[in-house]
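The values are calculated or read from the model by the stated rules, or taken from the named source; none is laboratory data. Computed from a prediction, not measured in an experiment: that's the story for all the values here. Cβ: placed from backbone, ideal geometry, glycine included. Neighbour counts: every protein chain shown. Only protein heavy atoms, including side chains, enter the accessible area calculation; ligands, DNA and RNA are left aside. Shrake-Rupley method; radii C 1.70, N 1.55, O 1.52, S 1.80 Å.
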Amino acid sequence: MEKLLVLYSSRNGQTKKIIEAMQSEFTGYDVELADLHGPVRKNLSKYDKVLIGASIRYGNFHADLYNFINIHSEQLAAADASFFCVCLTARKPEKAVPENNAYIKKFLAKSRWRPRTIGVFAGALQYSEYNWWQTRLIQMIMKMTGGSTDTSQDLEFTDWSKVKEFAQRIARHKYE
């Protein structure tokens, strides 16, 4: 059975939720999950595939993502490795493709790694989990970008069919 290492950087759990939804497409793989926010000591050459998913918070990926990539850049370059980003800007269709997504462009400019497959998924607006300061800051960002500022409800923008399609592409060795 082929081995798939899935690494994630999730702040409020949406990235991990996306990975959990992908797992049903990874039949035929022995899947191992690892949180990038903990100590991750992996020899990537022991895996047939590597998938990394990371969320954006206030315009940035978590530093742990870049630390992992910098430490494992040679192994990632040699691996069958893919990446996806979770961000609220991807709620707009034109920003939901890697070529048009500012965060993917920023990632590629900052990272030494060039993933074989790249995906972008809209995340969730979870006002109920934010503290007062986070709520006000996110409301300001959402107002500037035409999003919801209604704190009475959480909103999930993730396109689950797109998530499933991406996972199937990785599982079937189809790259773009």
Task: Among the candidates H72, H62, residue that is crowded, with 18+ Cβ neighbours inside 10 Å and either in contact with a helix residue (DSSP H, G or I) (Cβ under 8 Å, 6 or more places away or on another chain) or touching a residue at least 24 places away in the same chain (Cβ under 8 Å) (or both) - done: H72
TODO: Might you let me know whether segment 38-46 holds any residue that is basic (K, R), under 30 Å from M142 (Cβ atoms) and part of a loop (DSSP other than H, G, I, E, B)?
DONE: no
Open item on the list: Tell me yes or no: at least one residue of segment 77-84 is crowded, with 18+ Cβ neighbours inside 10 Å, over 12 Å from the mean Cα position of the chain (by Cα) and farther than 20 Å from A167 by Cα.
Closed with: no
Task: Looking only at segment 13-40, and only at residues there that are polar (S, T, N, Q) and crowded, with 18+ Cβ neighbours inside 10 Å, the one that is farthest from Y127 (Cα to Cα) - done: T15
Open item on the list: Filter segment 123-176 down to the residues that are modelled with pLDDT of 90 or more, of a type in the set (D, E) and either under 30 Å from Y47 (Cα atoms) or open to solvent by 90 Å² or more (accessible area, probe 1.4 Å) (or both) and list them by number.
Closed with: E129, D159, E165
Task: R91 vs. criteria open to solvent by less than 80 Å² (accessible area, probe 1.4 Å) and at pLDDT below 95 - done: yes
Open item on the list: So K106 passes all but one of these: (1) part of a loop (DSSP other than H, G, I, E, B); (2) within 30 Å of M142 (Cα to Cα). Which condition number does it fail?
Closed with: (1)
TODO: Kindly list the number of the only condition in (1) more than 25 Å from A77 (Cβ to Cβ); (2) touching a residue at least 40 places away in the same chain (Cβ under 8 Å) that fails for I18.
DONE: (1)
TODO: Count, please, the residues in segment 75-93 that happen to be assigned to a helix (DSSP H, G or I) and either within 24 Å of Q126 (Cβ to Cβ) or among the aliphatic types (A, V, I, L, M) (or both).
DONE: 8
